[in-house]
Structure formats: structure tokens, C-alpha cells
1. Residue check: is A:Ala172 in contact with a Ser or Thr (Cβ under 7 Å, 6 or more places away or on another chain) and not charged (D, E, K, R)?
2. I need every pair where a residue in the stretch A:43-60 that is outside the structural domain of A:Tyr32 (by TED's automatic domain parsing) and within 14 Å of A:Phe305 (Cβ to Cβ) has its Cβ under 8 Å from the Cβ of a residue that is open to solvent by 30 Å² or more (accessible area, probe 1.4 Å) and modelled with pLDDT of 80 or more, sequence separation at least 6 or different chains.
3. Can you go through A:Leu248, A:Leu291, A:Leu296 and tell me which one is under 28 Å from A:Met515 (Cα atoms) and surrounded by fewer than 24 Cβ atoms within 10 Å (Cβ to Cβ)?
4. Does B:Leu202 satisfy the condition of being open to solvent by less than 30 Å² (accessible area, probe 1.4 Å) and either in contact (Cβ under 8 Å) with a residue 40 or more places away in the chain or within 19 Å of B:Lys133 (Cα to Cα) (or both)?
5. Considering only the stretch B:116-126, state which residues are part of a helix (DSSP H, G or I) and either within 16 Å of ligand 2 (Cβ to nearest atom) or under 21 Å from B:Ser199 (Cα atoms) (or both).
6. Given (1) away from ligand 2 (no atom under 16 Å from the Cβ); (2) assigned to a helix (DSSP H, G or I); (3) not β-branched (Val, Ile, Thr), identify the lone condition not met by B:Asp197.
7. Taking into account only those residues within the stretch B:235-254 that are open to solvent by 80 Å² or more (accessible area, probe 1.4 Å) and small (Gly, Ala, Ser), which is farthest from B:Val39 (Cα to Cα)?
8. Of everything in the stretch B:1-23, what is over 15 Å from B:Ile67 (Cα atoms) and more than 16 Å from ligand 1 (Cβ to nearest atom)? Give them in sequence order.
Amino acid sequence: MLVKLLSGSMKKMWKDYLVLLFGLTISIAIFYMFETLAQNKAFLEANALISSIVFVFHVGTFILGLVTIFYIFYATSFVLSLRQKELGMYMTLGAKKGKVTQMMFLETLVIGIISLIIGLIVGVGLSEGIARLLMARLDFSGEGFHALYQSSLWTTVIFYMILFLLTAIVNAIRIARKSVLELLHADQIADNKVIKGWKTFVGTLFAIVLIAVGYFAMINMGELAHAGVIIATATVTPGTYFFFMAMLPFIIKRIKGIRTINEKGLNAFTYAQLDFRVSQLSKVLGTVAMLIALGLGAMTAGLSFYHNTEIQSSMMHAYDVKVLEPTDKELTEMENWEFEERNLYSYRVTDEGVYFSKDELQTNPPVIKEITGNLDELTKETRLEDDLTAPVYTTDETDNAELMPEQWHTALRSELMANFYIFGDRALYILDQEKFEAINADTQTVFVGKVENFIDHANTLEEIDERHHQLAVKYTGEEPTMSGSKYEDYISLKSIANGTIFMGMFLGVAFLMMMASVLMFKLLSSATVDIDRYQMLRKIGVRHAKLKKSIYKELFLVFLFPGLIGLVHVLIGMEMFSFILIEPYTKIWLPISMFLVIYGLYYLLTVKMYQRIVLPKN
Amino acid sequence: MTKSVVNVENVQKIFGKKSENQYKALDNVSFTIKEGEFVGIMGPSGAGKTTLLNVVSTLDKATSGKIEIAGQDITDMKQNALADFRSEQLGFIFQDFNLLENLTVYENIALPLSLQGFSSKKIKPLVTQVAEKLGIKSILPKYPVTISGGQKQRAAAARALVHEPAIILADEPTGALDSKNAHSLMKTMEHLNQYHDVSIMLVTHDPLSASYCERILFIQDGTLYKEITKSGDQQQFHQQILNVLAELTSIQSS
Ligand SMILES: Nc1ncnc2c1ncn2[C@@H]1O[C@H](COP(=O)(O)OP(=O)(O)OP(=O)(O)O)[C@@H](O)[C@H]1O
Ligand SMILES: [Mg+2]
């Protein structure tokens, strides 16, 4: 009998249950996705540039767990709101309270278990799909990553089973505590609590202090190390929730209190929509803000590692493009590139040495990168001076000639590519014109140049590197492992950073997906009630356009606050990486503007979808 | 001659699509309401009263026939024009679900004024005034959940009256009220009708409330069955109504 009633009403409200299943499923899938990385120690340690990566993931699990608890409690309370009126009706018809309580308990649990099964399947699928996509994009083999990871599976099952048991008990207790009348009128009751001034004050104070302490810890991560991560987690997370629980109702109440604003057009209704479910809303918004912080943070950190490789590869190379003995094809190709600076130097090669013309080097002295010993700026660019007075300089210490100054040696070796990989153990010489002409060999040239963004020319640079390898074979008789170009350095640095970039992107995508699903859930779960309200407004003659505008406004505020808070968290949070990354804020605008665009589009999509649900077509 | 506010010609309303089993809720109904008239609609449950009100109020589309309100054919009006028309010219009191439960009573009543862009300085006295008339001034700051059914109905009436529309459409406004409150609501309507030239179309089951009207249309199975006009005083009209109702009941039971 009980089961019959239960499944019967589930059928009737299948759309609402679908919404609920969707919300829970995504949460489970994402949690599992996170755990596939978090628990795969071998993979993490083999692929991350961050030494205490496992620890970082422990902290991540903790934050995600906390956020999930908030979210699941919010989501499952939706079951209660769906069913209480009907359960109240059964009670007026004679159903015992115990039975009804039991029904609520079972229903919450059953829904939980169903979504757990679906969620795990979706989770495995998502992990596999996203991992593959990213690996292909990053040229990252990702060995040791498993989309189906047993211990993660068990952690997810245990974590959610406990959560669902708890929420089932809470729902049952909440039903048991209510009188029949309260149940019958449950759909009309506003959770519109009067907020006491001092509570708002204390809550706000708490939020500000907690977040401030967290920010301090993140900024001083260098000294605090692990303790800093723990402090930041333990303060920023609750601080964010406090912010939304105390500040948000306060702000909305304040706006509503200003009569000239509230009594303008549909404003009274728009703000009431927010105010009405503000305590539920604050849980959602806190969760969304945290997920944005985590997701955008992970992505930004990942991308920073990416840019870091660019910066690192620039550290030892003043010139982006260095071509020994350029072919005609290469020269025509480079004609189209925009060079900030370009030079051509002559040299001659014999079995003993590589000879450069002093005159040419003096007329167009090259730039080199020098190590400064200063942590803020590891290397600096120096243009060499034309201070070569001797007729001959050499690197061969057995020779009687003047020893080549260290700076000039660096210039030839690093910038003009007269290095060991290509020329073997030939000595380097700088000769005056007369002596240079006397060397019995063909004159060769080396082209060097600086471009705005050398990665734009990746293909050509790769071909040039390949040719340099052949050149090395010609000069030394064997193929070297590398040729000493900037592009080569960049590629090898990137392959080291790839694992970290992969993790950042993988988690970023996961968290942002969950964020999107939480917002979507909030929306869809309130749609049923809102349909009636919007219909009523239409009846009394509110223009379609005005109703649309009200939805734009309401959702704008829902999107705005967590977006802002999440963004600030990320901006401050990037400071944490300043002890591993050279410039954590380089190109930070890129992920952030990407996020803003996607978030903005998602907002528009959500508005359109919501308008379709609550407003009639035509 | 006074202009007509409502002019209904041969209106039909059929529920259900062609393929499904159809139900004819209104069949060839025609009548007019003149400016400043107070007209009642009576008839047994399921006769089509609410349907008629919805069709007249532009909330629902008639299947066929012509409806003019304030000289405008509402069958070709655009959506926005219809919405503006409703918010400026019409005042509604529905049979069920009237108030937005996320707004206070005050905010509910103020809504039509806000929508027409009244400043909040002007809104307050107007809301207070109408609330006073209907005896709900003390519950203005409350949410609908915390007030009684009768108070809700009066709050809905206050919202329909506050912007002094050209015509008020009311569906059973006294349904949930005791006789004293029913009386004060009907008095307010009568007052608006007599001193502010507001036309009223009132659906009711209650003969006493109906006796405030000047004219009553009786509907039976979707067709106009009879029409009576007040000639003497309210007492006599009340008796007249009761007679027609008795007639109707005897037809139904036979
Ligand atoms: N949306 C609808 N779809 C199908 N039939 C409907 C619809 N609305 C009303 N009806 C039918 O039309 C008839 C008239 O309904 P209406 O609501 O107008 O009655 P009423 O006169 O207002 O009754 P009451 O006094 O009980 O409110 C009823 O038989 C009803 O079942
Ligand atoms: Mg009706």
C-alpha cells in the first residue's frame, strides 16, 4: 500500500523528480570525477609539478565534501517540499504519522540510491570523456589515469550513502514535527524569517574576519606552507557561506525596505522572489561561489603552469628564432613574420673551430640573458657592448690568444647557437676581418630574431629544429638529443608541466559543470511554484516584456553575487602559487575573461530557459 | 444614450481539441453592459460563469463570436495592448488563487499602482484608503498565509478597486465572507459604481449579494437563460432573484 502510494505520486510529479535526480546525479558524478584524481596517488606524484600534490587534493576533497553536504541538504529538502502537501492530505484521510514519516524517509533514501547508481555511471563516463579530450589537446599521454578507479568508487558510495541516510532522517524528522495543517499549507508558507539586526551584524563580522584571515593565509603561503592551505580552507569556505547567510538577506531586505525602489513597477515582486526563499538561496549561492572559486582557480592555476613554461623558456633565450644556415624556403617564410629585432651574422667552420667576424658582432651587438641572482627577476636581458679590442678571442684555453669574455661566450653559445649539440667540441673564435677572411672555409650565416609570440610559428620552428639536428650530424657525425633552441626548451618544459595543466583543467571543467548544475537545479526546482505566480501577474495585466525583465533581474542577482565572490577568491588565491610559479598572474585575464563570457552566456541561457518554463509561449 | 462598456455577440467557447471529446461551455451568448452599470451573473455550478468572465476579461480566447470592451474589439488586440488594457481598465477578483503569497497584503494591493508607475508617495494613501474601506488596514503588513480566507478575499477586492478601473470583474468575491463583511464589500462596490462610474460584472451564488446589482443575467448550461432588471428596491429585487433561482432549480431537478 505504502509503496503503491509512493510510486503513484512519483509518477505524477515525474518532472520534478527528474529535476531532483539531475541535480543529485551531477553532484555525485563530479564528486567521483574529483576522486578519480585525488585517490590516484601514483598518477598525481608522477605527473604534478607541485611537490605536495597529494596534500592539495586532500584539502580539495575536504572542501568539495563540505560544499556537497550543503548542496545535498538543500536538494533533498526539495523532496520534502514536493510531497508534504500530499502527505498532509493522507493524514487528514487517516494515515498515521508514523507511516507518513516512514514514507518520507524511504522516499528520500530511494531517490538517493537511484541517483547514486546513475551518478556513478555518469561520473565514469565524464571522467573518461573529459580526460581523453584534454589529453589529446595537451599531447599528454596520461599514463596511470583510470576513469574507473575502485577506491574512488567506494569513497563516493560511502560518502553519499551516509549523506542520504542523514538527509532522509532529517526529512523524516521535519515531517514528523509538523502538524497536519502545517503540511497542508506547506506550499504557501514563506521561509520568510525576520532577521534580527544583531544576528546580521555578527554573521557579517564573522564572514569578513574569516575571509580576511583566509586571504592573509593565502597571500603568505610561502611562509605558512601546509598550515596556510589548511587555514585558508578552514576560513574561506565557512566565511563564504556566512557571507551569503548573513549579508545577502540583509541586502535584499534593505533594498525591499526602500519604498521608492520596491514600489516601482514589478520590483516588489522581483525582490520578493529573492527574499522569499532567501535561506535556501544563501546555501545555493554559497555553494556556487565556492565552486566558481575552485573551478576557476583550478583552471587559472593550470593555465598559469602553461604560461610559466613560456616564461621559463624565455629565461635563457634572448632570441625566439635562431636559424643556422637558413634555407631559401625558411627565409621566404620568415619574410612574413613581424620581427621586433633581427640580425644576421657570418661564421666559418673548420674541424677545429667555429669562427665569427668581430666587425659584424661589433656593428650589431646581440642581446643575451644574464642570471641576476635576484629572486624577483631571475634573468635580465643585456645588450653586449662593442668592447672587443684584441684581434682574436677564443674559448680554447690552450691557445695563446685572448680568452673570450664570458658574456660573449654566452652570446655565441646560447644566442648564435654555436653550441656543443651542433658543433661538438670545436672551439669558438671571434676574429677581426683580416683573420676571418683567412679561414679556409665557406662563409655561413646564422639568423636571429625576436617575435611577439613565438608559439604562433610553432610549425616552422619545429622544422628548423629538425634541420638543425641534420646539421649537427653533418658537423659531429651523430644526431644530438637537442639543438639548444628556445622552442625545444619550451616543448620539453611543457611536457613536464602537462600533468599539472591536465589536473587543473580536468578539475576546472568538473567544478564549473557542477556549478552550472547547481544553478540550474535552483532554477528548475522553483519553477513549479513560479508558474502560478507569473500566470497571476499576467492576469492582472503585467506586460510580457515586464515579466521577462523581472526574470532577467532576479537571475542577474542570483548570478552576480557568487560570481563576484568566486572571482575575488581566485584573484587572491593565485598568490598561493607565487612560490612555484614565476609570475602567477601572467595572462590571468585569459581564463577570467573566458569564464566571464561562458558564465554570461550561461546566464542568458538560464534566463531563456526559465522564461520558457514560467511564461506561456506566443 | 450611454455607451456600452462590454458588448458580447454570439460568443461560443469550446473546450478540448477537435480530436478529443469536446465540451461546449458557452453557446451563443450575447449581451451588453452599459457604462456605469452593475451587472450580476448567476447560475448553477458548472454553468459557465467563470468561463464567461475569463472570455470577457481577455484572459481566455472565445472560440467564436465578438467581444468589445470600452469600444475596442478585444479579439484583434495585440498582447501588450491587452496587458495594458487589463492593468489600467480592469480590476479582477478571482474565484481562487488571488494573492501572490510572496508579497505582503500591502504590496499585493499596491501592485496595480506600481505597474502604472505611480510614485510610492501616492501609492501609500491610496492603499490605506481602500484597505480602510474594506476593514483590512490592520493586516496590511502581513503575508497572505497568515490571514483568513475572508481577509484574503477582501485583500483581493482591495487590489481590484485600488486603481479605480473602468470595469471590475469579480468571481464570487463574497464566497468566503460572513454576512457583515460581505455587506461591506458589496457596499464598497456599490459606492464605486454609483460615485465613480465604475462598471461591475459580478459572478455570485449569493442572492443577497446579487441584489446590489441593477441587472442579473442567469446562465444555464452555457446559454443565457433569463435576464431581470431591478425595478423596485433591493428587498424586492432579492425576492425576484430567489424566484428565478427556484425556477432554475425546478428545471434542473425535473
Ligand atoms: N479548462 C477547461 N477545460 C475543459 N473544460 C472546462 C475548463 N474550464 C471549465 N470547463 C468546463 O466548463 C464548464 C463551465 O465551467 P465554469 O468554470 O465556467 O463554471 P462556473 O459556472 O464558474 O461554476 P462554479 O459556480 O462552480 O464556479 C464546466 O462544466 C467545466 O467542467
Ligand atoms: Mg466559477
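1. yes
2. Close Cβ pairs satisfying both conditions: none exist.
3. A:Leu248
4. Against the criterion (open to solvent by less than 30 Å² (accessible area, probe 1.4 Å) and either in contact (Cβ under 8 Å) with a residue 40 or more places away in the chain or within 19 Å of B:Lys133 (Cα to Cα) (or both)), B:Leu202 qualifies.
5. B:Leu126
6. (2)
7. Going through the qualifying residues, I end up with B:Ser254.
8. B:Met1, B:Thr2, listed by residue number.
The values are calculated or read from the model by the stated rules, or taken from the named source; none is laboratory data. Computed from a predicted structure; not experimentally measured. FYI the Cβ positions are ideal-geometry reconstructions off the backbone, even for glycines, and counts take in every protein chain you see. Just the protein is used for accessible areas: all its heavy atoms, side chains included, with ligands, DNA and RNA removed. Shrake-Rupley method; radii C 1.70, N 1.55, O 1.52, S 1.80 Å.
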